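Read the structure below first, then the notes.
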Amino acid sequence: MKYFIFIQAVVATLANATLADTLVAARTIRSQTVLGPSDLVVAAGDTLGSFTQISDVNGLETRVTLYAGRPIRPGDVGPAAVIGRNQVVPLIYSANGLRITTEGRALDRAAPGEFVRIMNISSRTTVNGRAMPDGSVLVQN
């Protein structure tokens, strides 16, 4: 009997609770699209782990295809890429005060701060480096 009363109290509390808003896609949005306010809608309802405000994702790039009416989760979006696949970028080697700059070809897309594989055009060697905000790649030892 105690449990029945407890369950009734929980159900009554949940029924009276105000649901939070959930951020959803206004339309189907392809991956690698930079989001703007017209791409997003705030819907009634609470979805655990999803965004709740347009300002949280405005200007971010989609990592996956977003479908209309579905909640947008943190793994679905990220910073916009500054390096595109096959793009020629400045490749900067930096170790023990020595700095060498050459050109490399990006083998993946990357946003600032992400690691990316780069092929050194001169030596054809593949290295890993961190994408910088200016579009260069920094390789350190």
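The values are calculated or read from the model by the stated rules, or taken from the named source; none is laboratory data. This structure is a prediction, so every number in the text was calculated from the model and none was measured. Neighbour counts are summed over all protein chains in view; Cβ atoms, including those assigned to glycine, are modelled from backbone coordinates with ideal geometry. The area values use the complete protein model at the heavy-atom level, side chains included, leaving out ligands, DNA and RNA. Shrake-Rupley method; radii C 1.70, N 1.55, O 1.52, S 1.80 Å.
The helix-only estimate of mean residue ellipticity at 222 nm for the chain, built from DSSP H runs of length n ≥ 4 each weighted as -39500 (n - 2.57), is -3500 deg cm²/dmol after division by the residue total.
Of all the accessible heavy-atom surface of the chain, with the other protein chains kept in place and a 1.4 Å probe, what percent is carbon and sulfur? Reported share for carbon and sulfur atoms: 55 percent. When each of the peptides 127-133, 43-49 is scored by the mean number of other C-beta atoms lying within 10 Å of its residues, the order from highest to lowest reads 127-133, 43-49.
The mean accessible area for residues of the chain, using a 1.4 Å probe and ignoring ligands and nucleic acids, is 64 Å² per residue.
Just to verify a number: FRET efficiency for Arg117 and Val64, C-beta to C-beta distance, R0 = 25 Å, to 0.05? The computed FRET efficiency comes out at 0.75. Here the stretch 119-133 is scanned for amide nitrogen atoms under 18 Å from the site 7 Å beyond the Cα of Ser94 along Cα-to-Cβ, giving 127-133.
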